[in-house]
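**Q** What follows is a structure written as structure tokens; I'll ask about it next.
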Amino acid sequence: MPQSLATCLLPQLATPEILANSRVVVIDILRASSTICTALANGSEVVIPCEDVETAHQLKRDAAANPPLLGGERGGVKLPDFDLGNSPREYDEETVSGRSIVFTTTNGTRALHRSVSAAQVAVGCFLNCEAVVDWLESGNQPVVLMCAGTDGHITLEDCLFAGLLADRLVQRNQQLPIDDPTRICLDVYHTAASRLDGTLLQLRSSRGGQNLQNLGMGEDINYCAQVDILDLVPVWDPTANRITPLK
């Protein structure tokens, strides 16, 4: 079982010392985490996360014989010349099965690269929560939940999921040491969960949720709010820069 549980409410708070020897879960609920999980669940062979757009384009040019799909966004909007945006509903089986995806987003892929010094890195969201909890329970390292935030600001949607994940871990181990940011996320989640559809309503009222609704992508919120519909854990190999499902 985990030695301890800490939460970094923003990637820049995750120092190499915090990450060293830890299992890290990168969280970007609206929407990178949810999209990566969905793509792999629908048969994508690999997701390659890039911090910038030019790197994504270069990777596609380098793989001319077997070009990957380009997926991602800036400001919530699909990038020009990209095959897909950052809506998980775009990454259906017909579109992504058997394909590699080069993926870049405003916040989520940058948060992944921030976790490079961790022992292991997974991608978590409401969709695969229980699978991630089982994976974390199988190890004995410290656990760090890394919230991606938005443009350097803490986001409610990431805190909500961090709270749910923490709640499930604490239920399994009442003596698990947790830090204050984790306690904050637990309080946020418990407050939302105490009301009917409270988590979904909070996701809709969050900054990220409002941005999506303003872009006409409110259905993405409904999709991302579903709990435990995917039974996989995407893990990132920073050396190869590849995200694949845990075998």
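**Q** Exposure proxy check: Leu70, Leu40 ranked by fewest other beta carbons within 10 Å?
**A** Lowest count first: Leu70, Leu40.
**Q** Ranked by Cβ crowding within 10 angstrom, fewest neighbours first, how are His113, His153 ordered?
**A** His153, His113
**Q** Mind sorting Tyr189, Tyr91 by how few other Cβ atoms lie within 10 Å of their own Cβ, fewest first?
**A** With the sparsest Cβ surroundings first, the list reads Tyr189, Tyr91.
**Q** Using only the alpha-carbon atoms, how far is helix 53-62 inclined from the longest principal axis of the chain? Give it as 0 to 90 degrees, nearest 10.
**A** Helix 53-62 sits at roughly 50 degrees to that axis.
**Q** Less than 13 Å Cβ to Cβ from Tyr189, Lys/Arg counted +1 and Asp/Glu -1: what total charge do the surrounding residues give?
**A** Summing Lys and Arg as +1 and Asp and Glu as -1 gives -1.
**Q** Now for a different question. So what's the angle, to the nearest 10 degrees on a 0 to 90 scale, between helix 32-41 and the longest Cα principal axis of the chain?
**A** Tilt relative to the chain: about 70 degrees.
Bear in mind these aren't lab numbers, they're just calculated from the coordinates by the rules spelled out. Nothing here was measured: the structure is a model prediction, and the numbers come from that model. So basically every Cβ, Gly included, is an ideal-geometry build from the backbone, and we count neighbours across all protein chains shown.
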